[in-house]
Amino acid sequence: MTDPTRLDGDPGEGILSSLEHMDAGERAEHDAAVASSVAPTRVSTVAQGETLLAVDGLTVRFGGLTALDDVSFDVKRGEILGLIGPNGAGKTTCFNIMTGVYRPTSGDILLEGRSLSRMKRYRIIQEGVARTFQNIRLFGAMTALENVVVGTDARHRTSVPGALLRLPRHHREEKEGVEKAMALLEFVGIADRAADKATALPYGYQRRLEIARALATEPKLLCLDEPAAGFSATEKDALSELILKIRDDGYTVVIVEHDMRVVLGVTDRLVVLDFGRKIADGHPDEVRRDPAVISAYLGGAIDEATPAVAEGDA
Amino acid sequence: MPATPQAPDASGERVIASVLDPAVLTPLVVHAQPWINFDVGLLVDRFWANTINGLAYGSVYALIALGYTLVYGVLQLINFAHSEIFVIGVFATYLTFLGLGFQPGALPNLPIAAIILDLILAGVVAMVVAGLAAVGLERVAYRPLRRRNAPRLAFLITAIGASFAIQQVIRIWRGSNPEGTIRLLPPSPVFTIFGAPITNLQIIIILASLAMFVVADQFVNRSRLGRGIRAVAQDPATATLMGVNRERVIMITFAVGGILAGAAALFYLMTIPQGAVYNGGFLLGIKAFTAAVLGGIGNLRGALLGGLILGVAENYGQSLFGGDWRDVVAFVLLVLVLMFRPTGILGESLARSRA
Amino acid sequence: MIRRRLAAAGALAAAVALVLSGCANQGGGQQQGGGPAAGAPSQPSDAALPAGNGQGRCAPGTSIGYAGTIAGQNAALGIAIVNAAQLAVDQHNAANPNCQVTLVRADTGGTPDTAVGPTTGLINNPAVLGIVGLPFSGESRAMGPALNAAGLVNITPSATNPGLTQNGWTNFFRGLGNDAVQGPAVAGYIQNRLNAANVCVIKDDSDYGIGLAGTVTQALGPRASCQIDVKTNQREFSAIIGQVQQANPQAIFYAGYYQEAAPLIQQLRDAGVQTTFIGPDGVKDEQYVVNAAGSADGTLLSCPCVPQEGFTDFSNAYRQAFNVPPQTYSAESYDVTTILLKGIDQGAADRAALLNYVRGYQGQGLTKRFQWGPTGELTSTPVWMYKVQGNQIVTDTQIG
Amino acid sequence: MRERMHTVSHWWNAQSRPVQWAYMVPVVIFILALPVINPPIITTEPYTDFPISLFNAAVFALIAIGLNVVIGQAGLLDLGYVGFFAIGAYTAALLSSPDSELGVRYPWLVIVPIAMLVTMLSGVILGTPTLRLRGDYLAIVTLGFGEIVRLLADNVDPLRGNRGFQNIARPGGDFPDGTPIFSQTDALGFYWLAVIIIVIVLLFMGNLERSRVGRAWIAVREDEDAAELSGVPTYRFKIWAFAIGAAVGGLSGTLFAAQVGYVNNQRFDITTSTLYLAAVVLGGQGNKVGVIVGAFLVSYIPDRFQFEPTYRFLIFGVALIILMIFRPQGLLGMRQHLLAYGRQAYQKLFGAGAAVAPSGLSASSKARGDLAETTPDDHAGTSPRGGGE
């Protein structure tokens, strides 16, 4: 079967309608084709299961407040790592450092051995760390498809003169980008609203669209910031399924999430932060039983009311 | 170049010092040698006189800048027509002078108490008229847009339209020549600081402006209405939920801005009695807006500081480079300050000004 | 409730102010008018007036145009000109039942780019036989080639840049002396009569100010020891005053207009600078005296124009028609409009004829004797010095 | 009214691009013929020359197209755009006027690329330090830049201040009857040239819009942080927006200078800058056709009321307020196509018959998984701005 998302040829009745008439086998074949066309193509210097991202002695201070205090952990290629902790523990700060929103006071972050902490933000994304946002931040005036194509542009090289004069590279990349974006929309399950403005999408679609946009940059590491926030139980299950599907497609995922069902359902390993310090790191089942973690979460219930200084997004 | 003498206003002066730093200016000056003066001697000689004059003139900038900053704080709107509110204030002052029987060209021969009373009366009329005009402007040009949830730039365009309209109405009504000069109080030196004479006018204007500023600052920070203003500035949605009447707050904000512009109008006309002309607000408005941004727009104290710094810096710049570089100095100063402090010198918002 | 009361009080105050101001304004106006100062030459008895002999005949619809600013920036100067032109046309039409001339107004906005459309409108209007304008040198430069190509006679009542007559235009005439005439005369006066060895030349950024300051500075040579620049619309001069105080000159020449000169002289005098202050025709205006509010006394004013205080008929008629006294260049505009009207009255029925008429014109006007050389400059331009005395502009002496 | 406009835009979007272009041809021909037809009521004559008025409107439109890149697409509030226009005009003056100290007389066609390059460079020079500023701070800095450019023209001797430059080069060529095509008083040639330039610039702008460049600009406008964290080099693309906007401003400056034949320091003030802004916002920022309509109105209204000079700017000011109150989103709403292969992609997804207008209305009634029912047809061409910011 040909790749379903190629633009060439007669559109006919369209992909979405033709899906209707497929039997289960054809459907599985179609889905596999979609999955393979969104799988990462970048060569990684790191083998499966080896350290992809190393967080090394990370310390962040805002004025007198220490948001992260000498935090170190690794992310292995191909795993789903959960980053958890009570409110104000420094999870989002950690994400913000990983994606260059803040700069660390000391310590470093290394992706495949290369330091990210001095890199410009967009360079970090191009290097391979993509993220979604706790409070959804889509480009409201763009369609869903266009939003995802913006993600693919991170890997494109068309220059401004090239776009102005429509040089061959522009055509090639435009085509590739759109094809990839269509596949991604199908992959995350929102292709039916591809032509809608992002702001017009239902909430769940917007979350999935953010994931599709992040995946479009072909990340070596995908960071999901509370992707299940505001979801119903069914939606959470569907999301867990999607996260696993993403990992199975060859991506490495770090997830910050409060919902323990999602966390325990998908992660291979957990890192627990409390008051900016790492208090546990290991398999979810071990971590659950860790007394330090239990006491942190009990305390966390009390701390719920304290302002989460470091949790803000930008 | 001799060291810039130490000035009391530390934070402000530091900025000026960096602007006047020869290392910053040398390339510019060397390059521009044929067209630009560089008279350090004059700058030093006139330092104190320039400072005093600059503070007095800067007070007028500051009072107008407060209007920009208040409206900006509450609505995130550059009220481009604010300069026209100021002009309305100038004409209100002038017409009150005429109404009180003063004649253009002649110097009044009245006891000082009567003159001060007349000035206060004119100031009150100007403040009331400008305040009402500001509220009227808000009703006509902004409120309909707010009702329609217009994008921010739409407000800018109605502001420009209103600015044109007000200017033209004044021109058609009063003609395009400046009004004949009415001067109630000629300046006379009262004492000197480091050889720089300080006139009665300058003392009145600086003190009265500071008083106006303190009143406005206290109003915004201490009164119940002021709390409403700050609440709306911080978070309009929550403020509305908490029972703050947003429309009323906006109206009051415009009124306060207009009243301050009215006071500025009186002080301006006292300093520059030839200033009553239909397009006289344009440059002042731009400068005042610049001052507001310089200090940190949305911040009352920033507006005051920005106005004073701009007034002083313009005078230094004029002495240093020549009169035709005055406005260039103002804008270059702005660019330089924003380069190093991207949200102005004080850089807070109205909402957090007392945090 | 409070709001309503406040609004009412405000409206009342505004209304009172309005009524009072209306009265006061009229009062002020009459007072300013005054009579001619003693010793001023009276209106030339042989001055050409727009009414003519009442025997003018012309085709219905015959028009002359005014091209210049009416509503844009610097509109004041344009309005002083267009009003005087309108007055001349109205007087002409009242006296000549068989020749009703229309004044077509084209608002150029005073800037070169906005001048193109309206002026071209005049050029393309075949009824327009001649043009009064354009007031500013910039727009005159921009439109000169087109007006010349159209053969449309064009008399400017106010553009004084010497370069305008050096473009080879055959249709361009200047209704007043240019800067090159006035500058040396003023310099001579400063040198010989005032014996000032040390002169500050202050100029604004207008074409007029720059040109005039240039000729004066050149003629003064090393005596022009300090040069100071101000901006159009500037009203605050404290830093300028500092420069003057440091230079400590024996005379100050200001090249610019009265709008800036009035606050400048006031602030100079306030600061205790009592140096002799000399201004050009752009400053020689009743408004200068009024706006300087007492500080103008003793100011010397040069002008390439015959003393004007005696033109009471013109001044009164102007004041009656427009409620303000005539201003800078009003009289020049009145004179040049009169010349165009005379040409039409005497049978010039197309552009070429009117152009020819103006080219050969010789005659006395209110402001001076009009006769043009081949380039369009007046053949003789007397320069007079005036001075402000007791809040009146009085004639001092002829200086060139 | 609104409904009808949406039907029209829906129909329009359903047409293929070549068909759209085919429809555009007669429109462009009509626009070109306008000064020749000289329609009554619309004409500004006899008070001001109609072709010149149209030429000025066309220059205004070109400026608005350039400014739209900066404001409408990249969302950067530029209040000093007139500075670029001035730099373009002065470059033309310096390179071709006999008054210039450079002493060269280049033909207009040589001047145009040089002027565009110079303005582009000045856009980069202005943008490099300032584009790190956000929102209104950028606005005031650009306003300052515009003023600085004007004041330099005032103060720097070789730029001749108010005296200005005469006899600036025009393009050559004669009509069959021997009169020059490009002259000051017969603006027909210049008007046609301006319209053709607008069409070409629009084509290029369309190319940019449907590329990563256009998407980067819109992304910056919508959410700058999110854009950067999605891999958009925001700063670089903002500078590009400034540079490209500036180049178009410079191009219009040369066109203006050539037609008037004279440049001095008047007309490059803040008021002019705000009028440019008014053109963009009035027409509908982010909509290329919209800004052209806006520019036409802003330039045309004062000309049309030339017969009443005393009141024309009052009328203009009141008209601005009224138009803005009744169409706060601009006369035509924001509208953009950001994908070079968007049409094909949407058709591939939804079938050959699908219209491909990006839509804004949420089809909330539709079940989320209901693939078969959901084609963009159902809700295409609705509210242009989506659900808000």
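Which order, highest average first, do D:196-208, A:134-146 follow once you tally other Cβ atoms within 10 Å for each residue and take the mean per peptide? Don't jump to the answer; show the numbers that get you there.
On the way: D:196-208: 16.6, A:134-146: 23.8.
Descending mean neighbour count gives A:134-146, D:196-208.
With r as the distance between the Cβ atoms of B:R248 and A:E176 and R0 = 51 Å, compute the FRET efficiency 1/(1 + (r/R0)^6) and round to 0.05. It would help to have the intermediate numbers written out before the result.
On the way: r = 56 Å, r/R0 = 1.10.
For R0 = 51 Å, the calculated efficiency reads 0.35.
Nearest 10 degrees is fine. How inclined is helix D:2-14 to the longest principal axis of chain D, computing both from alpha carbons?
That helix lies at roughly 90 degrees to the long axis.
Only helices at least 20 Å long along their own axis, judged from Cα atoms, and with Kyte-Doolittle mean hydropathy of 0.5 or greater: name those in chain B from DSSP H.
Working: long enough: B:47-75 (39 Å, 1.16); B:82-99 (25 Å, 1.34); B:112-137 (36 Å, 2.61); B:152-174 (33 Å, 1.03); B:200-222 (32 Å, 1.40); B:246-271 (37 Å, 1.36); B:281-295 (21 Å, 1.69); B:300-321 (31 Å, 0.85); B:326-340 (22 Å, 2.50).
Helix filter hits for chain B: B:47-75, B:82-99, B:112-137, B:152-174, B:200-222, B:246-271, B:281-295, B:300-321, B:326-340.
Restricting to the protein assembly as shown, compute how many DSSP beta bridges are antiparallel as a %, nearest 5.
Around 45 percent of the beta bridges assigned by DSSP in the protein assembly as shown are antiparallel ones.
Per-residue ellipticity at 222 nm for chain D, helices alone: DSSP H runs ≥ 4 residues times -39500 (n - 2.57), over residue total, nearest 500 deg cm²/dmol? Don't skip to the end; give the middle numbers.
Working: 14 runs with 232 residues, N = 389.
Theoretical 222 nm ellipticity from helices: -20000 deg cm²/dmol.
What does the net charge come to around D:R163 if you take all other residues with beta carbon closer than 9 Å to its beta carbon, with K and R at +1 and D and E at -1? Don't jump to the answer; show the numbers that get you there.
On the way: positive: C:R141, D:R160; negative: C:D207, D:D99.
So the surrounding residues net to 0.
FRET efficiency for B:I116 and D:F307, Cβ-Cβ distance as r, R0 = 51 Å, nearest 0.05?
Numbers: r = 50 Å, r/R0 = 0.98.
The value I calculate is 0.55.
Tally Lys/Arg at +1 and Asp/Glu at -1 over every other residue whose Cβ is under 15 Å from the Cβ of A:R169; what's the total? Numbers along the way, then the final one.
Numbers: positive: A:R155, A:R157, A:R166, A:R172, A:K175, D:R210, D:R212; negative: A:D153, A:E173, A:E174, A:E176.
Here the charged neighbours net out to +3.
Beta carbons within 10 angstrom, averaged per residue: use that to sort the peptides C:163-170, D:172-179, highest first. Mind dumping the intermediate values first?
Working: C:163-170: 16.0, D:172-179: 8.8.
Result, highest mean Cβ count within 10 Å first: C:163-170, D:172-179.
Can you compute the helix-only [θ] at 222 nm over chain A? Use -39500 (n - 2.57) per DSSP H run of at least 4 residues, normalise by all residues, nearest 500 deg cm²/dmol.
Details: 12 runs with 129 residues, N = 314.
The helix-only estimate for chain A comes to -12500 deg cm²/dmol at 222 nm.
Averaged across D:140-152, how many Cβ atoms of other chains sit within 10 Å of each residue's Cβ atom? Walk me through the intermediate numbers first.
Numbers: counts 13, 9, 1, 7, 12, 4, 1, 8, 7, 0, 2, 11, 4.
The shielding value for this peptide is 6.
Please determine, in degrees from 0 to 90 and to the nearest 10, the orientation of helix D:270-283 with respect to the longest principal axis defined by the Cα atoms of chain D, where the helix direction is its Cα long axis.
Tilt of helix D:270-283: around 30 degrees.
Using +1 on the beta carbon of Lys and Arg, -1 on that of Asp and Glu, and nothing else charged, what's the dipole of region A:189-304 about the Cα centre, debye to 20?
200
Considering every residue in D:335-344, what mean count of other chain Cβ atoms within 10 Å of its Cβ is obtained? It would help to have the intermediate numbers written out before the result.
Values: counts 1, 4, 2, 9, 9, 10, 10, 8, 2, 7.
Whole-number average of other-chain Cβ neighbours for D:335-344 is 6.
Cα-Cα pairs above 35 Å in chain A: how many percent?
Roughly 21 percent, once rounded to a whole number.
Would you mind checking A:K120/D:K288; B:K287/C:K387; A:K120/D:K238; A:K180/A:K278; C:K203/C:K284; A:K197/A:K236 for any pair whose Cα atoms are more than 26 angstrom apart?
Working: A:K120/D:K288 33 Å; B:K287/C:K387 37 Å; A:K120/D:K238 15 Å; A:K180/A:K278 38 Å; C:K203/C:K284 15 Å; A:K197/A:K236 24 Å.
The answer is A:K120/D:K288; B:K287/C:K387; A:K180/A:K278.
For a quick check, take a GNM of chain C with Cα springs below 10 Å and name the residue from C:S45, C:S330, C:S295 with the largest mean-square fluctuation.
It is C:S45.
Counting other beta carbons within 10 Å of each residue's own, what order do B:T290, A:T234 fall into, fewest first?
A:T234, B:T290
How high is the relative contact order of region A:171-243, in percent, with contacts defined as C-alpha pairs under 8 Å that are six or more residues apart? It would help to have the intermediate numbers written out before the result.
Numbers: 33 pairs, mean separation 19.6, N = 73.
Reported relative contact order: 27 percent.
For A:G14, which sequence-distant residues (separation of 5 or more, or a different chain) have an amide H within less than 5 Å of its own amide H, given hydrogens modelled in the peptide plane?
D:G351, D:A352
Give me a comma-separated list of calculated 3J(HN,Hα) values for region D:210-221, in order, Karplus coefficients 6.51, -1.76, 1.60 applied at θ = phi - 60°, integers in Hz, x for any Gly or Pro.
Along region D:210-221, the couplings run 8, 8, 4, 5, x, 5, 4, 4, 5, 4, 4, 5 Hz.
Tabulate in residue order the Karplus-calculated ³J(HN,Hα) for region C:79-90, using 6.51 cos²θ - 1.76 cosθ + 1.60 with θ = phi - 60°, rounded to whole Hz; enter x for Gly and Pro.
Per-residue couplings from phi come out as 5, 4, 7, 5, 4, 5, 5, 4, 4, 4, 5, 4 Hz.
Could you check which residue among D:P35, D:P129, D:P51 shows the biggest mean-square fluctuation in a GNM of chain D with a 10 Å Cα cutoff?
Looking only at D:P35, D:P129, D:P51, the biggest GNM fluctuation is shown by D:P129.
What does the net charge come to around B:P197 if you take all other residues with beta carbon closer than 15 Å to its beta carbon, with K and R at +1 and D and E at -1?
On the way: positive: B:R46, C:R269; negative: B:D45, C:D270.
Value of the local net charge: 0.
Partner chain Cβ atoms within 10 Å, averaged over the residues of D:274-286 - can you pull that number for me?
Values: counts 8, 3, 0, 5, 7, 1, 2, 10, 4, 0, 0, 3, 1.
Mean number of neighbouring Cβ atoms from other chains: 3.
Run the quick spin-label model on B:R148 and B:T240: label points 7 Å from Cα toward the beta carbon, then report their separation in nm to one decimal.
Distance between the two pseudo-spin positions: 1.8 nm.
Sorting check: for A:186-192, A:15-21, D:341-347, which peptide has the highest mean count of neighbouring beta carbons within 10 Å, and how do the rest follow?
Numbers: A:186-192: 24.0, A:15-21: 15.6, D:341-347: 22.1.
Descending mean neighbour count gives A:186-192, D:341-347, A:15-21.
Please state the relative contact order of region D:50-349 as a whole percent: Cα pairs under 8 Å, 6+ residues apart?
Working: 545 pairs, mean separation 98.9, N = 300.
The normalised contact order for region D:50-349 reaches 33 percent.
Place a +1 charge on the Cβ of each Lys and Arg in the protein assembly as shown and a -1 charge on the Cβ of each Asp and Glu, then give the dipole magnitude about the Cα centre in debye, rounded to the nearest 20.
1440
With unit charges on the beta carbon (Lys/Arg positive, Asp/Glu negative), name the residue among D:G250, D:G88, D:V220 whose Cα is farthest towards the positive pole of the charge dipole of region D:50-349.
Going by the Cα projections, it comes out as D:V220.
C:R57 to D:I41: FRET efficiency via 1/(1 + (r/R0)^6), r the Cβ-Cβ distance, R0 41 Å, to the nearest 0.05?
Working: r = 36 Å, r/R0 = 0.88.
With R0 = 41 Å, the Cβ-Cβ based efficiency is 0.70.
In 5 Å bins starting at zero, report the fraction of Cα pairs in region C:220-321 per bin as a rounded %.
Whole-percent P(r) values from 0 Å outward: 2, 11, 22, 23, 19, 10, 6, 4, 2, 0.
Return D:K288, D:K348 ranked ascending by Cβ neighbour count within 10 Å, so the fewest neighbours appear first. Present the calculation step by step, with values, prior to reporting the outcome.
Values: D:K288 24, D:K348 27.
Result, fewest neighbours first: D:K288, D:K348.
Under 8 Å for C-alpha pairs, at least 6 residues apart: give me the relative contact order for chain C, rounded to a whole percent. Don't skip to the end; give the middle numbers.
Values: 838 pairs, mean separation 81.0, N = 400.
Over chain C, the number comes to 20 percent.
How large is Rg over Rh for chain B, taking Rg from the Cα atoms and Rh as the Kirkwood inverse mean of 1/r across Cα pairs? Write down the numbers at each step before the final one.
Values: Rg = 20.5 Å, Rh = 21.0 Å.
Value, to two decimals: 0.98.
Read phi for every residue in region C:175-180 and hand back ³J(HN,Hα) as whole Hz from Karplus 6.51 cos²θ - 1.76 cosθ + 1.60, θ = phi - 60°, with x for Gly and Pro.
Calculated HN-Hα couplings, in order: x, 7, x, 8, 4, 5 Hz.
For helix D:188-209, report the angle its Cα long axis makes with the longest principal axis of the Cα atoms of chain D; keep it between 0 and 90° and round to the nearest 10°.
40
Would you work out which of D:I198, D:G351, D:V263 lies farthest towards the positive end of the dipole of chain D, given +1 charges on the beta-carbon of Lys and Arg and -1 on that of Asp and Glu, about the Cα centre?
Toward the positive end, the furthest listed residue is D:G351.
Name the residue, out of D:V281, D:V69, D:V289, whose mean-square fluctuation peaks in a Gaussian network model built on chain D with Cα pairs under 10 Å.
D:V289
How big is the charge dipole of region B:175-257 about its Cα centre, in debye rounded to the nearest 20, if each Lys and Arg gets +1 on its Cβ and each Asp and Glu gets -1 on its Cβ?
280
Here, each number is a calculation from the coordinates, and none is a lab measurement. Owing to the predicted nature of the structure, the values given are computational and were not obtained by experimental measurement. Don't worry about glycine lacking a Cβ; one is built from the backbone with ideal geometry, like all the others, and counts go over all protein chains shown.
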